[in-house]
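Below you'll find the structure, written out as structure tokens, and then a few comments.
The values are calculated or read from the model by the stated rules, or taken from the named source; none is laboratory data. Predicted, not measured: the structure shown is a model, and the values here were computed from it. Ideal geometry is used to build each Cβ from the backbone, glycine not excepted, and the neighbour counts take in all protein chains shown. These area figures cover heavy atoms from the full protein model, side chains too; ligands, DNA and RNA do not enter into them. Shrake-Rupley method; radii C 1.70, N 1.55, O 1.52, S 1.80 Å.
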Amino acid sequence: MQLVEKIIKGERAAIAKAITLVESSRENDKKESRKLISELLNKPGKSIRVGFSGPPGVGKSTFIESFGRYLVEKNYKLGILAIDPSSQITGGSILGDKTRMIEISKNPNTFIRSTPSRGSLGGISVGTREASIILDAAGYDFIFIETVGVGQSETMATNLVDIFSLIVGPGSGDELQGIKKGITEYADIFIVNKNDGDLKSEASKTASDYKSAISYYKKSNNTADKEVLLVSAIEQTGMEKVIETIQNIVSQNKKNKNFDERRAKQFTYWIEEEVKEIIQFNIQKKIKADGSISQLSQKVMDGKIQMFEAIEAITQNLQNK
Amino acid sequence: MKTKNSDNYTKWQKSFERETKIDLNEASSETDEGIEIKPVYTKADIENLSFVDNDSLPGQLPYTRGPKASMYTNRPWTIRQYAGFSTAEESNDFYKKNLKSGQKGLSVAFDLPTHRGYDSDDDLVMGDVGKAGVAIDTVEDMKILFNDIPLDQMSVSMTMNGAVLPVLSSFIVAGEEQNVNKNLLSGTIQNDILKEFMVRNTYIYPPDPSMKIVADIIEFTSKEMPKFNSISISGYHMQEAGADNVLELAYTLADGMEYVRAALSKGLDIDDFAPRLSFFFAIGTDFFMEIAKLRAARTLWYKIMKDFGAKNEKSLILRTHCQTSGVSLTEKDPYNNIIRTSYEALSAILGGTQSLHTNSFDEAIALPTDESARIARNTQLILQNETGVTNTVDPLAGSYFIESLTDELSKKAWDIIEEIESLGGMTKAVKAGVPKLKIEESATKKQAKVDSGSRVVVGVNKFKNPKEPKVDVRVIDNNRVRDDQIKKINDIKASRDQKAVDESLAKLVTAAKEDSNLLACSIDAIKNRATVGEVSKALEQVYGRHFATSLSVSGVYGKHFEGDEDFMNVTKKVNIFEVENGRRPRVLVVKMGQDGHDRGAKIVATSFADMGFDVDMGPLFQSPKDVAKDAIENDVHAIGVSTLAAGHKTLVPELMKSLKEIDSKSKIIVFVGGVIPEQDYDFLYENNISAIFGPGSNIIESAEKVIDLISDKIHKHN
Ligand code: B12
Ligand SMILES: Nc1nc2c(ncn2[C@@H]2O[C@H](COP(=O)(O)OP(=O)(O)OP(=O)(O)O)[C@@H](O)[C@H]2O)c(=O)[nH]1
Ligand SMILES: [Mg+2]
């Protein structure tokens, strides 16, 4: 497949087309997409995948711009997948993340793709995982995934990334009470942004709130320590510490095999999801073709048969096909 | 309520309802500002007004009726036409011709590189030099600009905000080298940075250091330049960007309050600088509303300044320049614009403006030609000399309608002002992006009204001219201007004392770090022949360059079209497209070069999204190369270039080249919207542009065309 070679060579247009393919809702594309991903999985790169989540407006995009600038200066190659939540009633969306990633988007060592989330569960869109496989094969050192909200931390952490970080703003420490458990369990790094100007003292306070919150967390067998970091995306401060922390966590987790275990789990999870999807798709096709549902439900309504009888009959019927 | 219940009123109401067959309660209309306009006003409407004092006279507080007792009966308003293009030599010629033909004051329009603090030789400004104003790189250009124009006699207004330090310095040094001391210079520098962040987009530094620069200039001029207006607090650009009159009025006065506070923080006494604060408003097509706005502005400013503790009467009085609305003028059937501008000019005069710019009929096509500029100027000469409007001061005073409207506007604006104050003032509001978003919302609503036909624009959505006239356009060869400017820069750089330049720039940097007054240091650097770009870059080292983060309204356009057939037709096409192609049509809307006109781009983006498109919104000031990278990485179907400042002939071909450089087989289609003279259409089509959407384009129709073009392209290749 020519596309694979082009991706591995890092051709921008090929990478972009491949991402379109894996995001596509068209049945044919889905098949091709599976083929493509299978081939790419045989040629893994060396990417570290980092998730950045956080409430709207906390500065995720600005942070990625700022941290990204710091990294490209050190000659790292950066792939960025920004999942934009701004879908509208009609289903369209305005993807404005790049207005916050002005400098890094010019840099030849970056690849930045925005995707509308389409309200899909967890804020993660169809194809995000596949897109990160494409970027990995294309040779990006880091893949950053930006998503809105904290609700999807679990999906994100168990599904997609090697390191999951939560970006929060000054003053958000109070909200900790309610959501403590999920967060402390799934986030590897807590980044308190906007540590600048008038907000500095509030930011420090928030950081210590988080520190005490994670102290409740019972460390399971030698995983890397969770970290709380203070940064200002606007003033570009605290960035060394972020990369240091990422690298530490990676090397620790690699040493104690946690890194590979996590990836293995994600793989299993993924396979399970795919199987479910395929079965569901096949069943739906059958249902459409079958037509017994509407017939039998009419009978139920007419009082000719019982509802459970109908269900049983339909299931039998579909399974036999 | 006595009058209302009187027999006369009841009788009138009956007749009205009989004639119109409409219940009086339902007969009012609503303005963009949400103000109810009734079919008739009576004495009852001007009893118990909150802000207006019915007994006050012109020149008396609260100055509703005008800043002066005699107004135009003594001296008519100043005809001050805003102009500038190409090189200093050509603009100087143009100014001198105009002054001979009856214009009184000068008003300089700089080009976009100058506004944004770039020299003409900077790579970032390739398409913009001399295009939308005059290019000024050094004091030598400024001297040429005022050649044979004695600066001790001519009042000069300069629209400069971002690069205000080097440009005002150049003006001062040019005066000096004409042997005119700075204390004799008269005129105005716009120096209003807050509205740049909101709508005009020629900022350079972030808001806080920018506010410091504003305050430095107020401080310096209040001490050294007693005849010079240190700031022109501008609502004009807000209305042009789409604000309704209440937003324009409220945000402008709230900006004014912020500048007063900035100056006070320098330890100045309010009466030392407040008399030199001036204002600038737009005058649109809503005839009576605009008159009321100017009267309300004076009334409210009086109250504001009184609350600040000003004592000098001059501090309490709002003096203003006005410009007729450019956005009300159309590309279609352009001679209609002469008529629109005349009504707007009359409105400004009845509102009591101190000076006025009237737009040319080719406003929506290009910079004015000598001929169209002449007609625009004559609009005012005819008003002054033939109509008798100068004979009576504030002739509409006492009109039930005008007085009540003045009061109503004041009240509405005051509510917004108080809201902003309670949030901590305009700098904070601007940083949060709220005013910009409110203005964009208002602009989107206006667009929806025109596109749906509920607002008539003659020649655009109704009464179209079947035979559009051909008009001449001013053509500027920016490559030639750029070459000329670069040569001048190189000559100056070769002959100046480099050590002196370096030292004075270093001093400027130190001053910025130490927070001392920057104008004095900047004057020294300019005197030593440092360039506008060098002075700007020196400060950029300390302050950084500001990049705006942009928010977008959503659902405002779509809401107006609920159930509309044409609208649903497009959303249906989009849905079919999604099923067929596995994703929605995806369009990248971009602004390239230094062009900061983002109203159209923002409206188109939000409207397309409302119709179901996925719209990528690029930031301002992108280079064609950045756009190509962005477009390809996001695998968009189409790029929509919005271009209004005449950079298209350079930037669009550059974009096409960049696309091919990254992907020689790129199937991305490119279309262009904005101000594009018909003379350039062929050129763009030859460069493989798929469609052109000029001013007045209906967005629903444009969206349909775009999706059709995208579908065609896909089918052709399958
Ligand atoms: C509003 C306006 C402003 C506002 C801009 C506010 C803002 N944030 O956008 C203000 C007052 C700030 C302003 C300032 C200036 N302006 Co101005 N401005 C205009 C004006 C009057 C209207 C533009 C507008 O917004 N129209 C309303 C919108 C909705 O229409 P539109 O953008 O044309 O978009 C429609 C179509 O073109 C099309 N379209 C546009 N883009 C796209 C994109 C896509 C994807 C699609 C499908 C369609 C599409 O669909 C839209 C809907 O119908 C025009 C003249 C005119 N009447 O057109 C001058 C004009 C553009 N300005 C001009 C100039 C020179 C300036 C200045 C540079 C002056 C100076 N020297 O200081 C400054 C600097 C601005 C800057 N930073 O770039 C000149 C440009 C000259 C030229 N092209 O040769 C013009 C043409 C006036 C003139 N004749 O002199 N301006
Ligand atoms: N003071 C301060 N403001 C910041 C900082 N980082 C971001 N901001 C501001 O916060 C606002 C939101 O920033 P974004 O980067 O768009 O936030 P986001 O989390 O990506 O937002 P969404 O993608 O819309 O959820 C902007 O106005 C930024 O200027 C910071 O470090 N300090
Ligand atoms: Mg974001």
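Around the amide H of residue B:119, modelled in the peptide plane, lie the amide H atoms of B:533, all under 5 Å away and 5 or more residues distant in sequence or on another chain. Local charge for residue B:364 was computed over the other residues whose Cβ lies under 10 Å away, with Lys and Arg +1 and Asp and Glu -1, and equals -2.
Looking at the protein assembly as shown, what % of the alpha carbon pairs are farther apart than 60 Å? For the protein assembly as shown, the fraction of Cα-Cα distances above 60 Å is 15 percent. For chain A, the longest principal axis of the C-alpha atoms and the axis of helix A:239-255 are separated by about 60°.
In terms of overall dimensions, the C-alpha atoms belonging to region A:1-119 reach 42, 40, 21 Å along their principal axes, ordered largest to smallest.
Along region A:202-211 the Karplus relation, 6.51 cos²θ - 1.76 cosθ + 1.60 evaluated at θ = phi - 60°, assigns HN-Hα couplings of 4, 5, 4, 5, 4, 4, 6, 4, 5, 4 Hz to successive residues, with x for each Gly and Pro. Distance between the 7 Å Cα→Cβ label points at residue B:681 and residue B:715: 2.4 nm.
Scoring B:688-700, B:10-22 by mean Cβ neighbours within 10 Å over their residues and listing the highest first yields B:688-700, B:10-22.
Using Cβ point charges alone (K and R +1, D and E -1), the dipole size of region B:104-191 about the Cα centre works out to roughly 480 debye. Buried accessible area for the A:B pair, summed, 1.4 Å probe, in Å² rounded to 100? Result for this pair: about 2900 Å² buried. Each Cα pair under 8 Å and six or more residues apart adds its separation to the average, and for chain A the resulting relative contact order is 17 percent. Compute the helix-to-body angle for A:60-73: its Cα long axis versus the longest principal axis of chain A, expressed 0 to 90° and rounded to tens. Compared with the principal axis, the helix lies near 60 degrees. Full extension of the segment from residue B:493 to residue B:306, taken as 0.36 nm per residue of separation minus the current Cα-Cα distance, would add 62.3 nm. When you filter the trypsin sites (Lys or Arg not before Pro) in region A:284-320 for DSSP loop state and at most 11 other Cβ atoms inside 10 Å of their Cβ, you are left with A:304. The mean number of Cβ atoms from other chains found within 10 Å of a Cβ in peptide A:96-105 is 6, as a whole number. Only the Cβ atoms of Lys and Arg (+1) and of Asp and Glu (-1) were treated as charged; on that basis the dipole of region B:256-309 about its Cα centre amounts to roughly 80 debye.
With a Förster radius of 56 Å applied to the beta-carbon distance between residue B:10 and residue A:276, the computed FRET efficiency rounds to 0.15.
Restricting region B:52-104 to chymotrypsin sites (Phe, Trp or Tyr not before Pro) that sit in a DSSP loop and have at most 12 other Cβ atoms within 10 Å of their own Cβ leaves nothing. Of the beta bridges in chain B, as assigned by DSSP with both residues counted there, near 5 percent are antiparallel.
Relative contact order for chain B: 15 percent, from Cα pairs under 8 Å spaced at least 6 residues apart, divided by residue count.
By DSSP, the beta bridges lying fully in the protein assembly as shown are antiparallel in about 5 percent of cases. Expressed as a whole percent, the accessible area of chain B that falls on carbon and sulfur atoms is 49 (1.4 Å probe). Computed over neighbours whose Cβ is under 15 Å from that of residue B:282, the net charge equals -4, Lys and Arg +1, Asp and Glu -1. Loop-located GluC sites (Glu not before Pro) in region A:224-264 (DSSP state not H, G, I, E or B) with no more than 11 neighbouring Cβ atoms inside 10 Å do not occur. For region B:606-629 versus region B:492-516, the inter-centroid distance based on Cα atoms is 40 Å. At what distance in nm do the modelled label points of residue A:307 and residue A:319 sit from each other, each positioned 7 Å from its Cα along Cα→Cβ? So the two model labels end up 2.1 nm from each other.
Counting only DSSP H runs of at least 4 residues, each contributing -39500 (n - 2.57), and dividing by the residue count of the protein assembly as shown, the helix-based mean residue ellipticity at 222 nm comes to -16000 deg cm²/dmol. Helix A:176-186 and the longest principal axis of the Cα set of chain A meet at an angle near 80°.
Summed over the residues of region B:91-206 and divided among them, the accessible surface reaches 25 Å² per residue at a probe radius of 1.4 Å. GNM on chain A, alpha-carbon springs under 10 angstrom: the most fluctuating residue among A:301, A:239, A:101 is A:301. The relative contact order of region B:542-657 comes to 31 percent, based on Cα pairs under 8 Å that sit 6 or more residues apart. With a Förster radius of 41 Å applied to the C-beta separation of residue A:185 and residue B:665, the computed FRET efficiency comes to 0.30.
Each residue of region B:677-693 was assigned a 3J(HN,Hα) from its phi angle through the Karplus expression (A = 6.51, B = -1.76, C = 1.60, θ = phi - 60°), giving x, 3, 4, 9, 4, 4, 3, 5, 4, 4, 8, 6, 7, 7, 7, 10, 10 Hz with x at Gly and Pro.
Computed with every protein chain present, the accessible area of residue B:70 is close to 40 Å² [probe 1.4 Å].
Solvent-accessible area of region A:230-321 (1.4 angstrom probe, protein heavy atoms only): carbon and sulfur portion equals 56 percent. One Cα centroid belongs to region B:671-718, the other to region B:252-267; the line between them spans 46 Å. Counting only other residues whose beta carbon sits under 9 Å from that of residue B:317, what net charge do I get with K and R as +1, D and E as -1? That sum, taken over residues with Cβ under 9 Å, equals +3.
Computed about the Cα centre, the dipole magnitude for chain B is approximately 820 debye when only Lys and Arg (+1) and Asp and Glu (-1) carry charge, each at its Cβ. Where both bridge residues fall in chain A, DSSP classifies roughly 10% of the beta bridges as antiparallel. Heavy atoms of the protein chains alone define the surface here; on that basis region B:426-486 has 56 Å² accessible area per residue at 1.4 Å probe size.
Among the residues of B:615-627, the average count of other protein chain beta-carbon atoms within 10 Å of the residue beta-carbon is 4. To make sure I understand the rule: partners must be lysines, Cα under 19 Å from the Cα of residue B:537, and not fewer than 8 residues away in the same chain. Which ones qualify? Counting by Cα, and skipping residues close in sequence, residue B:537 has these lysines nearby: B:212, B:493, B:499, B:507, B:513, B:527.
The spacing between region B:363-426 and region B:70-89, judged by their C-alpha centroids, is 16 Å. List for region B:634-654: residues with 20 Å² or greater reduction in accessible area, all protein chains versus chain alone, probe 1.4 Å? Hits at the 20 Å² cut-off: B:634, B:635. A cut-off of 5 Å between modelled amide H atoms, ignoring neighbours fewer than 5 places along the same chain, links residue A:91 with no other residue.
Relative to the current alpha-carbon distance between residue B:480 and residue B:456, full extension at 0.36 nm per residue lengthens the span by 4.5 nm. In terms of packing, defined here as the mean over residues of other Cβ atoms within 10 angstrom, the peptides A:138-145, B:46-53 line up highest first as A:138-145, B:46-53. Taking amide H as placed 1.01 Å from N in the peptide plane, residue A:80 has its amide H under 5 Å from the amide H of A:111, A:112, A:113, A:144, each at least 5 places away in sequence or on another chain.
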